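The numbers here are math on the coordinates, done by the rules we state, and not lab data. All values reported here derive from a predicted model rather than from experimental measurement. Cβ: placed from backbone, ideal geometry, glycine included. Neighbour counts: every protein chain shown.
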Amino acid sequence: MTDQTGVLADVRRGMIPAHVYNDREIFELEKERVFSRAWVFVGHESEIAQPGDYVVRRVLQDSFIVTRDEQGEIRAHFNMCLHRGMQVCRAEMGNASHFRCPYHGWSYRNDGRIVGLPFHQDAYGGEAGFKRNGQRLLPAPNLATYNGLIFVSLDPDAPPLEEFLGDFRFYLDY
Ligand code: FES
């Protein structure tokens, strides 16, 4: 069991013990208390300067497609097909107007809206069996930018990004 009090004392002295980087117990605490609540930096607007540009980034176990859609809006979608959860984007970065799931071929615009659902009628019973209209890749629970820096939060009730950044904004402004 990790001596958390000892770790904290070391950190307060300005010393970060190397073992914390490989400590499962501390990682579990970080997942619960930090990464599931905090705003996490996932990219810079300059990486997705043109409509269709995207990068794929992870927050904990979740993969996100961070993209600029055809209207120029920045979006972050869970990289997860609505059908069986397959990753719809397998590249690390690129430019695409659509993402097509390699499993059964469902496809999505880069704004997340579903556009292609092969054999919708025969395999799923059409709109009555599986409603296609209005379906879209799941968006990140929260997305915001500051000075071109793109952040997501897994917490739908996260405080506004600027409030979260607080005085640290000084350094980002600088
Ligand atoms: S899992 Fe994506 S189309 Fe089936």
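Tabulated data
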quantity	calculated
Calculated FRET value between His19 and Tyr174, using beta carbons and R₀ = 41 Å, to 0.05	0.75
Extension gain (nm, one decimal) between Ser107 and Arg90, 0.36 nm per residue minus Cα-Cα	4.8 nm
Amide H contacts of Trp106 (H built 1.01 Å from N, under 5 Å, at least 5 apart or other chain)	Cys101
Hz values of 3J(HN,Hα) by residue in region 116-131 - Karplus curve (6.51, -1.76, 1.60), Gly and Pro given as x	x, 9, x, 6, 3, 6, 6, 8, 10, x, x, 4, 5, x, 8, 5
Stretch gain in nm, segment Val115-Thr145, where the contour uses 0.36 nm per residue and the Cα spacing is subtracted	8.0 nm
Rounded Å value of the spacing that divides the Cα centres of region 74-146 and region 11-67	24
Rg(Cα) / (2.2 N^0.38 Å) computed for the chain, rounded to two decimals	1.26
Relative contact order %, the chain, counting alpha carbon pairs below 8 Å whose residues are six or more apart	19
Per-residue [θ]222 nm for the chain (sum of -39500 (n - 2.57) over DSSP H runs n ≥ 4, rounded to 500)	-4500 deg cm²/dmol
Integer Hz, Karplus 6.51/-1.76/1.60 couplings in order for region 67-77, x for Gly and Pro	9, 10, 7, 5, 8, x, 7, 7, 9, 9, 9
